[in-house]
Amino acid sequence: MSDWKVLLADRIADAGKQILLDHAQVDDCPEISAEELHRDIGHYDAMVVRSRTQVTEALLKRAGRMKVVGRMGVGVDNIDLDAARSAGITVVNSPNATTIAVAELTMALMLDLARKTPRADGSMKKGHWDKKTLRGTELFGKTLGIIGIGRIGRAVAKRASGFGMRILGYDAFLTPDRVRENGAEPVSLDALYRKSDYISLHVPLTGVTRSMISAQTLERMKDGVHIVCAARGGVIDEAALLEALESGKVAGAGLDVFEVEPPGASPLVSHPRVITTPHIGAQTEEAQDRAAVDIATEILRALEGQELRWRVA
């Protein structure tokens, strides 16, 4: 075993933990507080985090031994990448591990919106038989606009096409030919807004994407549009979405992520035409095992100076 010390600052599946235990000294501290982390970070060569742990510039300045930070999953908005680069600390993630899980949840949210299944289930559990009030719609023949048609967007397109949906795709970083290869008809963002019955977002949270669904963009959409987001909180202006739901502009929304998490019993979460889940896009047994193995092996590659597959910074 090497002298490397690895801190698991958030939970990681046993499959990945064992890989690290076989090659390094590992401290498993999934409930570590920010104060404890700042106190102890200087002892470690590597660290694994999820979305709970905030990897700030102040923290990285105390990480004198740190060589690599591994982010379970895709999003790295909780890591100060500029500060990591300045400190010479590599940042890696596990972008492929959760693709299927997030794509399947996206489809589940669309189906729940179309068939009102959460409302039906709640009614049945209260002893009611409200068949006449639960007339839904079909996904078949509807147009789905996918914003961000990379790995997850492509997986959603594949599954939605199986339901007979027309797939439109917009991605600021892909050519029209690549969008077609990923299973969608390439369109401008404005055309996607105007033509889609369902809109699903699969973009990271950046300065450009923050509040990209706003009062102005909602106005450009079809009346009765459905919006689904299992990407990152903050890409939707939640106050604008609530107003559009109240006015009827938006027929329904399926949300797995929020501007503030947990959001509490906000008016948006409580709205009768909104289906919410607590950021569970990646929460399948299979995805968690894949993510743990991927991040563990990538961290070891970074420590050993090998070529990296998923370097972010």
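The values are calculated or read from the model by the stated rules, or taken from the named source; none is laboratory data. Fair warning: this is a prediction, and the values are worked out from it, not measured in the lab. Cβ atoms come from the backbone with ideal geometry, glycine included; neighbour counts cover every protein chain shown. Areas reflect the complete protein model, heavy atoms only, side chains present, ligands, DNA and RNA absent. Shrake-Rupley method; radii C 1.70, N 1.55, O 1.52, S 1.80 Å.
Candidates Ala292, Phe140, Thr209 compared by Cα position along the dipole of the chain: farthest toward the positive end lies Phe140, with charges placed on Cβ.
The ellipsoid equivalent to the alpha-carbon distribution of the stretch 6-71 has semi-axes of 19, 13, 10 angstrom, derived from the gyration tensor eigenvalues as √(5λ) and listed largest first. Think of the chain as a dipole: +1 on every Lys or Arg Cβ, -1 on every Asp or Glu Cβ, centred on the Cα centre; then among Leu7, Trp310, Pro262, Pro262 lies furthest on the positive end. With the simple model of a label 7 Å out from the Cα in the direction of the Cβ, Trp129 to Arg65 spans 6.8 nm. Between Gly254 and Ile227, Val228, Cys229, Ile275, the built amide H atoms are under 5 Å apart, and every one of these is 5 or more places off in sequence or on another chain.
Taking GluC sites (Glu not before Pro) across the stretch 13-75, the ones in a DSSP loop with at most 15 further Cβ atoms lying within 10 angstrom of their Cβ are Glu31. With distances taken between every two different alpha-carbon atoms, the stretch 1-148 has a Kirkwood hydrodynamic radius of 18.5 Å. Solvent-accessible surface of the stretch 189-313, averaged per residue with a 1.4 angstrom probe and all protein chains in place: 45 square angstrom.
Solvent-free Debye calculation, one equal scatterer per alpha-carbon of the stretch 219-313: log10 I(q)/I(0) at 0.16, 0.17, 0.19, 0.21 Å⁻¹ equals -0.74, -0.78, -0.88, -0.99. Remark: the stretch 113-271 carries a charge dipole of roughly 720 debye about the Cα centre, counting +1 on each Lys and Arg Cβ and -1 on each Asp and Glu Cβ.
Computed from backbone phi with θ = phi - 60° and the Karplus coefficients 6.51, -1.76 and 1.60, the 3J(HN,Hα) list for the stretch 32-40 is 4, 7, 4, 5, 5, 5, 5, 5, 9 Hz; x is used for glycine and proline. Here the simple spin-label model places points 7 Å from the Cα toward Cβ, and for Glu57 and Lys5 these points are separated by 2.7 nm. Rounded to whole Å, the principal axis extents of the Cα atoms in the stretch 68-156 read 62, 32, 19, largest first.
Dividing the radius of gyration of the alpha carbons in the stretch 192-251 by their Kirkwood radius gives 0.93 for Rg/Rh. Short to long, the 10 Å bins of the Cα pair-distance histogram for the stretch 116-213 hold 16, 38, 24, 16, 6, 0 percent of all pairs. Carbon-plus-sulfur fraction of the accessible area of the stretch 119-240, 1.4 Å probe, in percent? That fraction is 53 percent.
Sort out for me the Cα centre separation of the stretch 207-232 from the stretch 250-313, rounded to whole Å. Here the two parts' Cα centres lie 20 Å apart.
Around the amide H of Tyr44, modelled in the peptide plane, lie the amide H atoms of Arg65, all under 5 Å away and 5 or more residues distant in sequence or on another chain. When only Cα pairs below 8 angstrom with a gap of at least 6 residues are kept, the stretch 140-255 shows a relative contact order of 24 percent. Expressed as a whole percent, the accessible area of the stretch 243-287 that falls on carbon and sulfur atoms is 56 (1.4 Å probe).
Each residue, Phe163 and Glu307, gets one label point 7 Å from its Cα in the Cβ direction; the gap between the two is 4.0 nm.
Length gained on full extension, Leu21 to Glu35, computed as 0.36 nm times the residue gap minus the Cα-Cα distance: 2.5 nm.
Rg and Dmax over the alpha-carbon atoms of the stretch 159-281 stand at 14.3, 43 Å. Remark: the stretch 36-176 carries 49 Å² of accessible area per residue (probe radius 1.4 Å; ligands, DNA and RNA excluded).
For the chain, which span is the longest to avoid every loop-located (per DSSP) member of chymotrypsin sites (Phe, Trp or Tyr not before Pro) having at most 11 other Cβ atoms inside 10 Å? Display every interim value, and only then the final one.
On the way: sites that count: Trp129, Phe140, Phe173.
My reading of the result: 174-313 is the longest stretch.
As an exercise, find the ratio Rg/Rh for the chain from alpha-carbon atoms, using the Kirkwood inverse-distance average for Rh.
Taking Rh as the inverse mean 1/r over Cα pairs, Rg/Rh reads 1.01.
Less than 5 angstrom separates the built amide H of Gly234 from those of Glu259, all sequence-distant by 5 or more or on a different chain.
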